[in-house]
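Read through the structure below, which is laid out as structure tokens, and then see the notes.
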Amino acid sequence: MSDKVKITVVDRRDFLLGASGIAALAAFLPLGAKPAGAAAWQDAMKQAIGDATPVEGKVNLGLPEIAENGNTVPFSVDVDSPMTDGDYVKAVHVFATGNPRPQVVTFNFTPSSGKASARSRMRLGKTQDVIAVAQMSDGKVYMGRRSVKVTIGGCGG
Amino acid sequence: MAKPRVKAPKKAKAGEVVQIKTLISHKMETGLRKDKKTGKKIPKKIIESFVAKYAGKEVFSANLATAISANPYIAFYVKVDGPGDLEMTWKEDTGKTWTAKKSIAVG
């Protein structure tokens, strides 16, 4: 009995190793072939925030779980901040990772905004993740993420 | 074509944070759509920026991209420290601008 168990374990490990190898290769190939393609939103984010690494948290991105019409998807961003002269949110950038052009909007706040909160409506081409990145006055960068299922896409057509 | 609409309270308490809702009718043409008859791409034409000033000071602004829906709706907050005028400007990528003004009293 123990022999049998051993064999299945080895088999599974071999399978997993092989699978992960293929997955790694698959992930590498499109990157090499088309560097801008898959990571367009990451390029856009880099342009907006430079080399800063966003930390998950503080940013609440409000979006419907399922958007029936991708042409107009209501969204809200709220950032946890006291919004005083010494500690406030400077900007929030919103990216739609699956859109042909990932930039959605940049909201610029000041301490006179009172609340780091804004709402608008966006177009989503397909089911995807939406990311909001907040730049604080002290240089820290926070990030929030939401995935949205889109029934009818809202780009071009 | 584009006419801005703004919903703001007429009166607020000193120090109160109030919500302002704005809407401007605009197609927000992405530049990705094709004219169905000619097959040619319809050139991009969007509202690219929105700026709100209260009592002469900038309080909020937004840079819009093509992924913002037609008839852009923007809602934001303003801290009312004293009475003043809320002045808002929308700018199209052609350079054309639209403005709206709302006065907020304190009491």
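Quick one: is A:Arg145 at pLDDT 95 or above and away from chain B (no Cβ under 13 Å)? Reasoning before the result, please.
Details: at pLDDT 95 or above: yes; away from chain B (no Cβ under 13 Å): yes.
Spelling it out, A:Arg145 is indeed at pLDDT 95 or above and away from chain B (no Cβ under 13 Å).
Please enumerate the residues belonging to segment B:26-39 that are farther than 28 Å from A:Ser112 by Cβ, more than 9 Å from chain A (Cβ to nearest Cβ) and either surrounded by fewer than 14 Cβ atoms within 10 Å (Cβ to Cβ) or out of contact with any Ser or Thr (no Cβ under 9 Å at 6 or more places or on another chain) (or both).
Answer for segment B:26-39, where residues must be farther than 28 Å from A:Ser112 by Cβ, more than 9 Å from chain A (Cβ to nearest Cβ) and either surrounded by fewer than 14 Cβ atoms within 10 Å (Cβ to Cβ) or out of contact with any Ser or Thr (no Cβ under 9 Å at 6 or more places or on another chain) (or both): B:Lys27, B:Asp35, B:Lys36, B:Lys37, B:Thr38, B:Gly39.
So which residues in segment B:40-62 are open to solvent by less than 70 Å² (accessible area, probe 1.4 Å) and either facing another protein chain (nearest Cβ under 7 Å) or under 21 Å from A:His93 (Cα atoms) (or both), if there are any at all?
If the condition is that a residue be open to solvent by less than 70 Å² (accessible area, probe 1.4 Å) and either facing another protein chain (nearest Cβ under 7 Å) or under 21 Å from A:His93 (Cα atoms) (or both), then B:Ile46, B:Ile47, B:Glu48, B:Ser49, B:Phe50, B:Val51, B:Ala52, B:Tyr54, B:Val59, B:Phe60, B:Ser61, B:Ala62 are the ones that fit.
Looking at segment B:71-92, is at least one residue exposed (fewer than 15 other Cβ atoms within 10 Å of the Cβ), at pLDDT below 95 and more than 13 Å from chain A (Cβ to nearest Cβ)?
No, the conditions are met nowhere in segment B:71-92.
Take B:Thr89 and decide whether it is within 22 Å of A:Ala96 (Cβ to Cβ) and either among the polar types (S, T, N, Q) or touching a strand residue (DSSP E or B) at 6+ places or on another chain (Cβ under 9 Å) (or both). Reasoning before the result, please.
Values: within 22 Å of A:Ala96 (Cβ to Cβ): no; either among the polar types (S, T, N, Q) or touching a strand residue (DSSP E or B) at 6+ places or on another chain (Cβ under 9 Å) (or both): yes.
No; evaluated as a whole, the condition is false for this residue.
Is there a residue in segment A:92-99 that is modelled with pLDDT of 95 or more and closer than 19 Å to B:Lys53 by Cβ?
no
State all residues of segment A:89-111 that are of a type in the set (D, E, K, R) and within 7 Å of chain B (Cβ to nearest Cβ); if no residue qualifies, say none. Break it down stepwise before answering.
Within segment A:89-111, the first condition is being of a type in the set (D, E, K, R), and the residues that meet it are A:90, A:101.
Passing the criteria: only A:Arg101.
Looking at segment B:56-65, can you tell me whether even one residue there is in contact with a Pro (Cβ under 9 Å, 6 or more places away or on another chain) and farther than 19 Å from A:Lys115 by Cα?
Yes; the residues of segment B:56-65 include at least one that is in contact with a Pro (Cβ under 9 Å, 6 or more places away or on another chain) and farther than 19 Å from A:Lys115 by Cα.
The values are calculated or read from the model by the stated rules, or taken from the named source; none is laboratory data. Please read all numbers here as calculations on a predicted model, not as lab measurements. Ideal geometry is used to build each Cβ from the backbone, glycine not excepted, and the neighbour counts take in all protein chains shown. Heavy atoms of the whole protein, side chains included, go into the accessibility calculation; ligands, DNA and RNA do not. Shrake-Rupley method; radii C 1.70, N 1.55, O 1.52, S 1.80 Å.
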